[in-house]
Amino acid sequence: MLHRIDGLPEHVLGFRAEGRVTGEDYQDVLEPALDDALTRHAQIDFLYHLGPDFKRFTTTALWDDARLGLHHLKDFRRVAVVTDIGWIATAVHGADPLTRVELRAFENAELAAAQNWLSSRR
């Protein structure tokens, strides 16, 4: 399940993943919030927190994540993924040189640093 992170600057859109994240979470929660944010900003910064309560993505969610990222690639300036899951952090590091988006992986203990990095952009 995805939950919006409140209290972030206007140009930063953030979500916390808990339990099992599904394709419906992307379609019903993340995509509408992203579309709404893009009505106010040409580009946004994005925070994705996969904390200790996160369990897994469904196959549909993984597909929707890739589709959403590719479709909105030009709409992001910076993306911070906060997780202690090694393969996800590795994927973020591996994707960074392939895009114009600044991608960074942070550990869960560095959540505040990720928020500061995204907030300092403007």
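Filtering Thr90, Thr60 for residues that are of a type outside the set (D, E, K, R) and over 19 Å from Leu2 (Cα atoms) leaves a single hit, Thr90. Once the range 88-112 is narrowed to residues that are at pLDDT 90 or above, part of a helix (DSSP H, G or I) and open to solvent by 50 Å² or more (accessible area, probe 1.4 Å), the residue that is farthest from Leu50 (Cα to Cα) is Ala112.
The sole residue among Gly14, Gly23 that is over 14 Å from the mean Cα position of the chain (by Cα) and open to solvent by less than 20 Å² (accessible area, probe 1.4 Å) is Gly23. Within the range 63-105, take every residue that is out of contact with any Gly (no Cβ under 9 Å at 6 or more places or on another chain) and small (Gly, Ala, Ser) and give me the one that is farthest from Glu31 (Cα to Cα). Restricting to residues being out of contact with any Gly (no Cβ under 9 Å at 6 or more places or on another chain) and small (Gly, Ala, Ser), the top hit is Gly86. The set of residues in the range 30-62 that are part of a helix (DSSP H, G or I), in contact with a Gly (Cβ under 7 Å, 6 or more places away or on another chain) and open to solvent by 10 Å² or more (accessible area, probe 1.4 Å) contains only Thr60. The residue of the range 4-16 that is nearest to Ser120 (Cα to Cα), among those that are in contact with a helix residue (DSSP H, G or I) (Cβ under 8 Å, 6 or more places away or on another chain) and assigned to a strand (DSSP E or B), is Val12. Filtered by the rule that a residue be open to solvent by 90 Å² or more (accessible area, probe 1.4 Å), more than 19 Å from Val12 (Cβ to Cβ) and of a type in the set (D, E, K, R), the range 63-81 gives a lone residue, Arg67.
The values are calculated or read from the model by the stated rules, or taken from the named source; none is laboratory data. Everything numeric here is computed off the predicted structure, so don't read it as measured data. Using ideal geometry, Cβ is built from the backbone for each residue, glycine included, and neighbour counts are taken over all protein chains shown. Calculation scope for accessible area: heavy atoms of the full protein, side chains included, ligands and nucleic acids excluded. Shrake-Rupley method; radii C 1.70, N 1.55, O 1.52, S 1.80 Å.
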